[in-house]
Amino acid sequence: MTSVHGQQAVLLAVAGLCGTGKSEAAAHLEQLTGGESLYLGGLILSEIKKRGQAVTPAVERTVQLEVRNQLGPAALAVLAQDTVRKVLARGQTLVVDAIFVWEEFQHLQKCCGNHKAVLISIHAPFQLRCARLGKRLVRPLTSDEIIKRDQNETLRLGTGVPIALGDYHVVNDGTLAEYHKKLGQICGQL
């Protein structure tokens, strides 16, 4: 089955540290492919709200680790697997925002059947990430909070592994138009 633009439906997953532009990449890739997107972090935010807790960086970190302790390192992929299968079965590309643990991507690959899974790693300099996240309207972060989050993601979750093993690497340190062009070039190679 093919996607809206005549290409085989694929799973496109993005990986990167906070503030690199993962959500922007996911939104643009969704637009380019005519597919759908799935925000894995939304599963954690839903769990926080279900518990009646305020969404703060510390609570996000705690709940994320609790969910992973309960369901294993691929927890978010396990929770999303039915959606992945349904979207790909309809012949639509699915963009996953974002992969933090290598086991998540491996689990999603298994859910793809005959469809290709592609991991896109997003990078940006620390100071640029701080500037972006400091002015973000939803869940802004200070540089100290970014450092704590980076430490949690790289040291506890091992986020550096999926970032390092990406099929494509994009440095997002220019204009939005330049970033979109880089993402478009990747889509053209699929």
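Can you give me the ranges of the strands (runs of 3 or more DSSP E) entirely in segment 1-104 with at least 1 residues that are within 17 Å of residue 119 (Cβ to Cβ), in contact with a Cys (Cβ under 6 Å, 6 or more places away or on another chain) and not aromatic (Phe, Trp, Tyr)? Give the steps one after another, and end with the answer.
On the way: elements: 10-15, 36-39, 94-99.
Counting at least 1 such residues, we get 10-15.
The rows are residues; the columns are (1) in a loop (DSSP other than H, G, I, E, B); (2) surrounded by 18 or more Cβ atoms within 10 Å (Cβ to Cβ); (3) in contact with an Asp or Glu (Cβ under 9 Å, 6 or more places away or on another chain).
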| position | (1), (2), (3) |
| --- | --- |
| 114 | yes, no, no |
| 128 | no, no, yes |
| 144 | no, no, no |
| 150 | no, no, no |
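Against the condition in contact with a Pro (Cβ under 8 Å, 6 or more places away or on another chain), crowded, with 17+ Cβ neighbours inside 10 Å, closer than 18 Å to residue 104 by Cα and of a type outside the set (S, T, N, Q), how does residue 15 come out, does it pass? Show your work before the answer.
Numbers: in contact with a Pro (Cβ under 8 Å, 6 or more places away or on another chain): yes; crowded, with 17+ Cβ neighbours inside 10 Å: yes; closer than 18 Å to residue 104 by Cα: yes; of a type outside the set (S, T, N, Q): yes.
Taking the combined requirement at face value, the residue satisfies it.
Just name the residue that is surrounded by the fewest Cβ atoms within 10 Å (Cβ to Cβ) out of those in segment 27-64 that are acidic (Asp, Glu) and over 25 Å from residue 147 (Cβ atoms). It would help to see each step written out before you state the result.
We begin by selecting, within segment 27-64, every residue acidic (Asp, Glu); these are 30, 36, 47, 60.
Now narrow it down to the ones that are over 25 Å from residue 147 (Cβ atoms): 30, 36.
Values: 30: 19, 36: 16.
Filtering segment 27-64 for residues that are acidic (Asp, Glu) and over 25 Å from residue 147 (Cβ atoms), the one surrounded by the fewest Cβ atoms within 10 Å (Cβ to Cβ) comes out as 36.
Working carefully through the options 138, 59, 118, find the one that is of a type in the set (Val, Ile, Thr) and in contact with a strand residue (DSSP E or B) (Cβ under 7 Å, 6 or more places away or on another chain). Write out each step before concluding.
On the way: 138 fails: in contact with a strand residue (DSSP E or B) (Cβ under 7 Å, 6 or more places away or on another chain); 59 fails: in contact with a strand residue (DSSP E or B) (Cβ under 7 Å, 6 or more places away or on another chain).
The conditions single out 118.
Only the coordinates and a few stated rules stand behind these numbers; no lab work does. If you're wondering where the values come from, they're calculated on a predicted model, not measured in any experiment. Positions of Cβ are backbone-derived with ideal geometry, glycine not excepted, and every protein chain shown enters the neighbour counts.
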